[in-house]
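Trainee: Got a structure for you, questions after.
The values are calculated or read from the model by the stated rules, or taken from the named source; none is laboratory data. As the structure is a computational prediction, the values presented were derived from the model and not from experiment. So basically every Cβ, Gly included, is an ideal-geometry build from the backbone, and we count neighbours across all protein chains shown.
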Amino acid sequence: MTVQIPRPAEKAKGRARTTPPPPPGRNRKAQGSAGALPYLLLLPALVLTAVLLGWPLIKNGVLSFQQLGMKELIQHLTVWNGVDNYADALGGEDFWRVTLRTIVFTAVNVALIMLLGTLVGLLLARLGRKMRLTLLMALVLAWAMPIIAATTVYQWLFAERYGVVNWILDKLGWHSMADYSWTSSQFSTFFVITVMLVWTSVPFVAINLYAATTTIARELYEAAGLDGAGAWRTFTSVTFPFIRPFLLATTFLEIIWIFKAFPHVYAINGGGPDRLTETLPVYAFVEGVGNQHYGMGAAISVLTILVLMGLTSYYIRLLMKQEREDS
Amino acid sequence: MRRSLFGRFWPNATAVVLFVIFLFPVYWMFATSLKPTGDIISEDPVWFPLDPTFEHYRTAFDADNFWNFWKNSLTVTLLAVGFSLLVALLASFAIARMRFRGRTGLILVFMFAQMAPWEVMVISVYMLVRDADMLNSLVPLTLFYTVMVLPLTILTLRNFVAAVPKDLEEAAMVDGATRVQAFRKVIFPLLAPGLMATSLFGFITAWNEFPMVLVLNKEAEAQTLPLWLSQFQTQFGDDWGATMAAASLFALPILLLFLYLQRKVTAGLTAGAVKG
């Protein structure tokens, strides 16, 4: 992704003082006829992707037109049932309810993550060196926390009895929260999942954004200051245009990651209570693997891929345009 | 003067609050893992393990197949990260440095590959691996994790490669270095922060992967740490001390690695970034 462009660019420039600042790398034209070399270099990546990603994708598409349960799986039977799986999924209420829930879930989380991540990133840029390193350390630790370890810790933080969150809420005056079971309702389960996702995701956005702001030339701010621009004006006309591509790229990645978030949702409460916190990936997994409707699960996963492509189509179009212009 | 004092106070105060918020869950995990059970189940939380004990860690160590899970996780993660870096380095050179027919199309392929919802494709993956008679093996896991982290690795690395001035390589070759020497001595050191950053992403993805190993490897001998922790929790769920000790053991290597590498990556990028 374009997230990291300025880091190495600036670094390389810093080291290679003898050369004049080169134009952005990918616009250079020097390499006209590279012959077969680029294809050779790309071959391993393409073969791996085609075999290990392409094949399961195709297989998944094929399975979605089959009636595939435990019996068929064990006996290696192939029973075609046309578009029945799709008709069932699209005809039922569940799929649409889960899709809507997933979109709202993704939107809320990505909005929170981008907003808080940007604010923390800008804060990092304003801090002194020591304070910044201190905060960076905490951010990096939250970021690196393995998901299953994080869900375990959050279950402990939000535990009904002896959980520190309930204790604090009780002390703050919400005595009804003293023995509150967070996984007993849809809303509170989603709340815990959201807190956890925001906690693990904000650092990535914040650190990337901070790295982006460090590459903005000081002179631009000095010029803005001379022109009498206030803090807000400086932000909108100097900082923002510069970090815009980063925000776009990070938003795109976060949409994908939040939409696909599986272990976070699954491990907290198995999609419960009453399957009310199942998002599309969890729904596909529970229907397909858990309830052994493998063909149905495959159909739902094809639909999941389509929904995700729909959600990201705007950004993909933008990138396509950009790549074309570059080449 | 007043203004600048004011201007320093709020950012610092906010930073302290954020520091506590982001660190607390990690701290609470380690703190709980060291507290005697009596301190864990107390009406008022014990904020600091004054009376540390390693009994919970012993419970975790004594769990079945403990070392196996470790060995498997490390093997799979290191191999997957290594393979994907190698493959991605070649690919990113082609994409960043060369013009060729189909380049845009290829970049799009990797964009889409980045979106692959592996979590929902486990059924087809399971059937393919089963038909190849490779269930309960680390080989398919390694290969799939390689491909899982490959797209982001390629797309990130190409930016780092694009940023290394081509003249540097040529200058080295004019000075008598071979192409390979030029790469090793000049280009590679410049790419180091990029390689570290991308290997961090790869490491955390592979170290974390849960649904695929859950479906593919039913036998404990071939399982990895995320499964160990989730099973451990099912078994010891009420024993928060033991569960937190297990979570700490699982998280610790990656926390340390991140802290270590991130410092280098940030140091590199801020040092170079100040001068525009």
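Trainee: Right, B:GLY202: more than 10 Å from chain A (Cβ to nearest Cβ) and in contact (Cβ under 8 Å) with a residue 12 or more places away in the chain or not? Steps first, answer last, please.
Mentor: Details: more than 10 Å from chain A (Cβ to nearest Cβ): yes; in contact (Cβ under 8 Å) with a residue 12 or more places away in the chain: yes.
When the stated conditions are applied, B:GLY202 passes them.
Trainee: Every residue in the range B:94-105 that is of a type outside the set (Lys, Arg) and crowded, with 22+ Cβ neighbours inside 10 Å, please. Outline the logic, then answer.
Mentor: Here is the first cut: in the range B:94-105, the residues of a type outside the set (Lys, Arg) are B:94-96, B:98, B:100, B:102, B:104-105.
Result: B:ALA94, B:ILE95.
Trainee: Moving on to the next point. So A:LEU247 ticks every box in (1) within 17 Å of A:TRP143 (Cβ to Cβ); (2) at pLDDT 85 or above; (3) out of contact with any Gly (no Cβ under 6 Å at 6 or more places or on another chain) but one. Which box is left unticked?
Mentor: Of the numbered conditions (1) within 17 Å of A:TRP143 (Cβ to Cβ); (2) at pLDDT 85 or above; (3) out of contact with any Gly (no Cβ under 6 Å at 6 or more places or on another chain), the odd one out for A:LEU247 is (1).
Trainee: I need a count of the residues in the range B:113-135 that are outside any helix (DSSP H, G or I) and touching a residue at least 40 places away in the same chain (Cβ under 8 Å).
Mentor: Within the range B:113-135, the subset outside any helix (DSSP H, G or I) is B:115-117, B:121, B:132-135.
From the residues that got through so far, the ones that are touching a residue at least 40 places away in the same chain (Cβ under 8 Å) too are B:135.
Residues that pass the stated criteria total 1.
Trainee: Here's something else I'd like to know. Can you name the residue in the range B:236-271 that is at pLDDT 90 or above and hydroxyl-bearing (Ser, Thr, Tyr) and is also surrounded by the fewest Cβ atoms within 10 Å (Cβ to Cβ) among such residues?
Mentor: For the range B:236-271, the residue satisfying everything is B:SER248.
Trainee: If I ask for residues that are surrounded by fewer than 19 Cβ atoms within 10 Å (Cβ to Cβ) and assigned to a helix (DSSP H, G or I), which ones from the range B:173-185 would you list? Show your work before the answer.
Mentor: First, pick out the residues of the range B:173-185 that are surrounded by fewer than 19 Cβ atoms within 10 Å (Cβ to Cβ): B:173-181, B:183-185.
Residues satisfying the conditions are B:MET173, B:VAL174, B:ARG179, B:VAL180, B:GLN181, B:PHE183, B:ARG184, B:LYS185.
Trainee: Quick one: count up the residues across the range A:248-274 that are more than 17 Å from B:MET115 (Cα to Cα) and either of a type in the set (Gly, Ala, Ser) or touching a helix residue (DSSP H, G or I) at 6+ places or on another chain (Cβ under 7 Å) (or both). Let's see the steps before the verdict.
Mentor: Step one: filter the range A:248-274 for residues more than 17 Å from B:MET115 (Cα to Cα), giving A:264-274.
Okay, now just the ones that are also either of a type in the set (Gly, Ala, Ser) or touching a helix residue (DSSP H, G or I) at 6+ places or on another chain (Cβ under 7 Å) (or both), so A:264-273.
Here the count works out to 10.
Trainee: Would a scan of the range B:82-105 turn up a residue that is β-branched (Val, Ile, Thr) and more than 9 Å from chain A (Cβ to nearest Cβ)?
Mentor: We begin by selecting, within the range B:82-105, every residue β-branched (Val, Ile, Thr); these are B:87, B:95, B:104.
Applying the additional criterion that residues be more than 9 Å from chain A (Cβ to nearest Cβ) yields none.
Among the residues of the range B:82-105, not one is β-branched (Val, Ile, Thr) and more than 9 Å from chain A (Cβ to nearest Cβ), which makes the answer no.
Trainee: Of all helices (runs of 4 or more DSSP H) completely enclosed by the range A:215-291, which ones contain at least 2 residues that are under 22 Å from the mean Cα position of the chain (by Cα) and either of a type in the set (Ser, Thr, Tyr) or over 28 Å from B:MET111 (Cα atoms) (or both)?
Mentor: Numbers: elements: A:218-226, A:231-234, A:240-260, A:263-269, A:280-285.
Output list reads A:240-260, A:263-269.
Trainee: Could you pull out the residue among A:GLY82, A:GLY69, A:GLY61 that is more than 9 Å from chain B (Cβ to nearest Cβ) and under 29 Å from B:PHE112 (Cα atoms)?
Mentor: Values: A:GLY69 fails: under 29 Å from B:PHE112 (Cα atoms); A:GLY61 fails: more than 9 Å from chain B (Cβ to nearest Cβ).
Only one candidate qualifies: A:GLY82.
Trainee: Looking only at the range A:164-219, which residues are within 23 Å of A:THR239 (Cβ to Cβ), free of Cβ contacts under 8 Å to residues at least 60 places away in the same chain and either buried (at least 16 other Cβ atoms within 10 Å of the Cβ) or among the acidic types (Asp, Glu) (or both)?
Mentor: A:ILE216, A:GLU219
Trainee: Any residue in the range B:42-64 that's within 13 Å of chain A (Cβ to nearest Cβ): show its pairings with residues that are aromatic (Phe, Trp, Tyr) at Cβ separation under 6 Å, as long as the two are six or more apart or on different chains.
Mentor: Note: pairs meeting the criteria are B:PRO45/A:TRP167.
Trainee: Any idea which residue in the range B:137-168 is nearest to the other protein chains (Cβ to nearest Cβ), counting only those that are hydroxyl-bearing (Ser, Thr, Tyr) and within 21 Å of B:SER73 (Cα to Cα)? Give the steps one after another, and end with the answer.
Mentor: Initially, the range B:137-168 is screened for residues hydroxyl-bearing (Ser, Thr, Tyr), giving B:137, B:142, B:145-146, B:153, B:156.
Going one step further and asking which of them are within 21 Å of B:SER73 (Cα to Cα), we end up with B:137, B:142, B:145-146, B:153.
Values: B:SER137: 15, B:THR142: 11, B:TYR145: 10, B:THR146: 7, B:THR153: 9 Å.
So the residue we want is B:THR146.
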